[in-house]
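Heads up: the structure comes next, in structure tokens.
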Amino acid sequence: MKKDIHPKGYGKVIYVDDSSGEKFLIPSFVKTDKTEKWEDGKEYPVVHVEISSASHPFYTGKENVIDTAGRVEKFKARQKQAGK
């Protein structure tokens, strides 16, 4: 393998699914200032995500609406304004 071609900062990161509360410890290059303790007692950087395999309908088999930014209301308002 060639030396010094990969980015620096590769390490384990905790991803927290805000929809389900599920947590994953995954190797990643992502940078963050927040840290959190994992089950092994070590501190790792933490990243919050809106949806993951723990809450996505494709993986869970359940259909649910996750509207964190008011997208549904904006869509309904546009439809009403358009006269539909």
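If a residue has to be exposed (fewer than 13 other Cβ atoms within 10 Å of the Cβ) and in contact with a strand residue (DSSP E or B) (Cβ under 7 Å, 6 or more places away or on another chain) to count, how many in the range 51-60 make the cut?
So the answer is 0.
Considering only residues that are assigned to a loop (DSSP other than H, G, I, E, B), farther than 17 Å from Gly21 by Cβ and touching a strand residue (DSSP E or B) at 6+ places or on another chain (Cβ under 9 Å), which ones fall in the range 33-50?
Asp33, Asp40, Lys42
Give me the residue from the range 1-50 that is of a type in the set (Lys, Arg) and touching a Pro at 6+ places or on another chain (Cβ under 8 Å) and, out of that set, surrounded by the fewest Cβ atoms within 10 Å (Cβ to Cβ).
Top of the filtered list is Lys31.
Read the figures in this text as sums done on the coordinates, not as results from a lab. On a predicted model such as this, the values are computed, not experimentally measured, just so you know. Don't worry about glycine lacking a Cβ; one is built from the backbone with ideal geometry, like all the others, and counts go over all protein chains shown.
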